[in-house]
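Asker: Quick one: the structure is below, and I'll ask about it shortly.
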Amino acid sequence: MDHHFRRLLDPERKKFEDPEKFIPSLLHGNEVVVDMGCGPGYYCPVLEEYSLKLYCIDLSKEALDIAKTRVKKSSTVFLNEPSEHTSLPPSSVDVVVFSSSFHDMDREGTYKEVMRILKPCGRVIIVDWRKDAPFGPPVHIRMSREDYLTTFKDFQVESEFSPGPYHFGLVLQRKC
């Protein structure tokens, strides 16, 4: 396994970012969820447990192959596609999750795709690195809460949460 993927799946990560501590309170269990930019699937087992159907989307086939080993439900679907051009039908998704991934994507194209696939009143859950975190992606590509609110202009803040000491969390609801 690639060093980067090993690091993303390192059990030590749970000490500062444990999706099992916050995802259950954010999902209702009866929703169609997309893990956009899922990588090797760190969030996939928890998202799968609290969704009706889960789509794990990533550009890396190697990452998806690893993610496939981390899930149990046959209703989980893996798509090796770019975030700005998925094969999902329009208005078919209740929740899109970006866990430390949106900053690496074509932001405008991905935003348009989220608007296309998300149901009216659908939600976006964002977990991303704080700008002052002592490690993580390069600071110049990190997005702040304000950057997300500017990008997701057709959404309103439903809630905010703390995924851990180095991240911030936002739940945005599409204006309907």
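The values are calculated or read from the model by the stated rules, or taken from the named source; none is laboratory data. In this text the structure is predicted, and so the values were computed from the model without any measurement. Reconstructed Cβ throughout: ideal geometry from the backbone, glycine too, with neighbour counts over all protein chains shown. SASA here: full protein model, heavy atoms, side chains in, ligands and nucleic acids out. Shrake-Rupley method; radii C 1.70, N 1.55, O 1.52, S 1.80 Å.
Asker: Can you list residues whose amide H is under 5 Å from Phe155's amide H, if they're 5+ apart or on another chain and H is modeled 1.01 Å from N?
Answerer: Lys175
Asker: Let me ask you something else. Among (i) 40, 38, 29; (ii) 52, 31, 30; (iii) 71, 42, 30, which is the computed Cα extents along the principal axes in Å?
Answerer: (i)
Asker: For Lys73, list the lysines whose Cα falls under 18 Å from its own Cα; do not include residues on the same chain fewer than 8 positions away.
Answerer: Within reach: Lys53.
Asker: Could I ask something else about it? According to a simple spin-label model (label point 7 Å from Cα along Cα-to-Cβ), what is the distance in nm between Glu20 and Lys72?
Answerer: A separation of 1.2 nm, rounded to one decimal place.
Asker: When the label point is put 7 Å from the Cα of Ser144 along its Cα-to-beta-carbon vector, which residues of segment 107-134 have a backbone N closer than 15 Å?
Answerer: 129-133
Asker: So if each residue of separation counts as 0.36 nm, and I subtract the Cα-Cα distance between Asp132 and Thr151, what length gain in nm does that give?
Answerer: 4.8 nm
Asker: Ranked from highest to lowest mean number of other Cβ atoms within 10 Å per residue, what is the order of the peptides 68-77, 27-36?
Answerer: Answer by packing, highest mean first, reads 27-36, 68-77.
Asker: When the dipole is taken about the Cα centre of the chain, and only Lys, Arg (+1) and Asp, Glu (-1) are charged at their Cβ, what size is it in debye, to the nearest 20?
Answerer: 220
Asker: Ordering Thr150, Thr86 from largest to smallest accessible area (1.4 angstrom probe), what's the sequence?
Answerer: Descending order: Thr150, Thr86.
Asker: Considering only protein heavy atoms and a 1.4 Å probe, what is the carbon-and-sulfur percentage of the accessible area of the chain?
Answerer: The value for the chain is 53 percent carbon and sulfur by accessible area.
Asker: From the backbone phi of segment 95-106, what are the Karplus-calculated ³J(HN,Hα) couplings (6.51 cos²θ - 1.76 cosθ + 1.60, θ = phi - 60°) in whole Hz, Gly and Pro given as x?
Answerer: 9, 10, 10, 10, 9, 6, 10, 4, 5, 9, 9, 5
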